[in-house]
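Colleague: Take a look at the following structure, please.
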Amino acid sequence: MGQALSTIFTCLVTELMAQIASQPRKAGCIALLSILLGCSAPSSQSTKQKCRQGQGLACLKIGQALQSGGSGHDLPDPGASLRWYRRACELNIGRGCFAAGRLVRDADGVKADAPLARRLATAGCTLRDPMACLLLATMESVGEGGAAAPQKATQRLRRLCQNRLLRACNDLALIERATSRPAAMKRLAEACEAGSALACGNLGIILCESDDVEQARPLLARACRGDVSAACIRLTSLPAVGESRHLRDFGLYQRACKLGSAAGCGGLALHLFQGLTGAPRPIEAVRIWRSLCEQQRHGPSCFNLAVAYLRGAPPALIANRAAAGAWRHRACALGVTRACPRPALKAAAEPLSTRPEPSD
């Protein structure tokens, strides 16, 4: 009982410390209370100080907080996060090199720089960070940020797979698929059983290509439950069993969209526009497509906007050929070949629905 009261008292005093920390006249109380109670007011300053003193893990921690917007940071700050990650890398923290490399490779809130990403991945791999080695192998395999080195990439992936990095086993299987389909399927099956949702999805894709739908379906479903958005989308291409196909597909697209898939959000908008699971909601569909087209440069959504404005959906959406033409040209520029041919798009054309494979 006495110990419990002591713990409660300590917590209350810690809260008091946090409140008086902003009052200069009482700052001396903090140090005294810290000595008496063996605690201190939470502050990012101590972590920054540790980083500046050469503690790389502290730099990594700050970078992670800034990237996520957590630990007192209201909004993510990728630029600041990159600086702290690079400092961690300079202090020989391999995960810092990886995190910085991934940010600049993916252009995640910072300017894309493939050569820099590859140098950072190389540094992290030299420091024996497995994720940095995986990133380096990915870039080496296709010549991203430097010369292609497919043999080096394969050797790296093989070592990582032997060390039970399941993503490496998945990527290695996709390379092996070109020369030995059975070996690739065996490796994917092993990685799937070991817990890789991505490997389950890719094995399901290969089985779909062989028209083995019954074996592919549970694998794709497992991958979808494991947050592989493209597996959810691929499931929409399979016949529904014992349920409404439109309702099933709506749920799959909705899940994929929540996981951040542009194709998933686009498919969801298609269902809303056409009213496949209820009353048509064209305004909501157009809002989703516009966001995908403008913010994520998703070509099929630009094309769908062109079709929507060409056909109209009275009374909510009025046909507008000029707007349709503008969206069609944008879709063409983003690689949607169907949007490019002349004469201009016909009003009877159907919106696109993409179904990418979960290969990355």
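Colleague: Given the structure, is I175 assigned to a helix (DSSP H, G or I), among the β-branched types (V, I, T), more than 30 Å from L317 (Cα to Cα) and touching a Ser or Thr at 6+ places or on another chain (Cβ under 8 Å)?
Modeller: It is true that I175 is assigned to a helix (DSSP H, G or I), among the β-branched types (V, I, T), more than 30 Å from L317 (Cα to Cα) and touching a Ser or Thr at 6+ places or on another chain (Cβ under 8 Å).
Colleague: Here's another thing I want to ask about it. Based on what the data block shows, is I205 crowded, with 17+ Cβ neighbours inside 10 Å, touching a Phe, Trp or Tyr at 6+ places or on another chain (Cβ under 8 Å) and either within 20 Å of G251 (Cα to Cα) or touching a residue at least 60 places away in the same chain (Cβ under 8 Å) (or both)?
Modeller: no
Colleague: For I318, all conditions in the list (1) in the same structural domain as R338 (by TED's automatic domain parsing); (2) in contact (Cβ under 8 Å) with a residue 24 or more places away in the chain hold save one; what is the number of the exception?
Modeller: Going through the list (1) in the same structural domain as R338 (by TED's automatic domain parsing); (2) in contact (Cβ under 8 Å) with a residue 24 or more places away in the chain, I318 breaks only (2).
Colleague: Right, next: Go over the candidates L305, L268 one by one and state the one that is of a type outside the set (G, A, S), touching a Lys or Arg at 6+ places or on another chain (Cβ under 8 Å), without any contact (Cβ under 8 Å) to a residue 60 or more places away in the chain and surrounded by 14 or more Cβ atoms within 10 Å (Cβ to Cβ).
Modeller: L305
Colleague: For the stretch 73-101, give me the residue count where each residue is assigned to a helix (DSSP H, G or I) and of a type in the set (D, E).
Modeller: Of the residues in that region, 1 qualify.
Colleague: For P130, are the conditions met, namely being in contact with a helix residue (DSSP H, G or I) (Cβ under 9 Å, 6 or more places away or on another chain), modelled with pLDDT under 95 and surrounded by 14 or more Cβ atoms within 10 Å (Cβ to Cβ)?
Modeller: In short, no.
Colleague: If only one of R290, R311 is closer than 21 Å to P341 by Cβ and surrounded by fewer than 23 Cβ atoms within 10 Å (Cβ to Cβ), which one is it?
Modeller: R311
Colleague: Quick one: how many residues across the stretch 288-327 are in contact with a Gly (Cβ under 8 Å, 6 or more places away or on another chain), among the β-branched types (V, I, T) and assigned to a helix (DSSP H, G or I)?
Modeller: Residues that pass the stated criteria total 1.
Colleague: State the number of residues belonging to the stretch 105-125 that are under 16 Å from Y85 (Cα atoms) and not in a loop (DSSP other than H, G, I, E, B).
Modeller: Summing the residues that are under 16 Å from Y85 (Cα atoms) and not in a loop (DSSP other than H, G, I, E, B) in the stretch 105-125 gives 12.
The values are calculated or read from the model by the stated rules, or taken from the named source; none is laboratory data. Keep in mind it's a predicted model, so treat the numbers as computed, not measured. Using ideal geometry, Cβ is built from the backbone for each residue, glycine included, and neighbour counts are taken over all protein chains shown.
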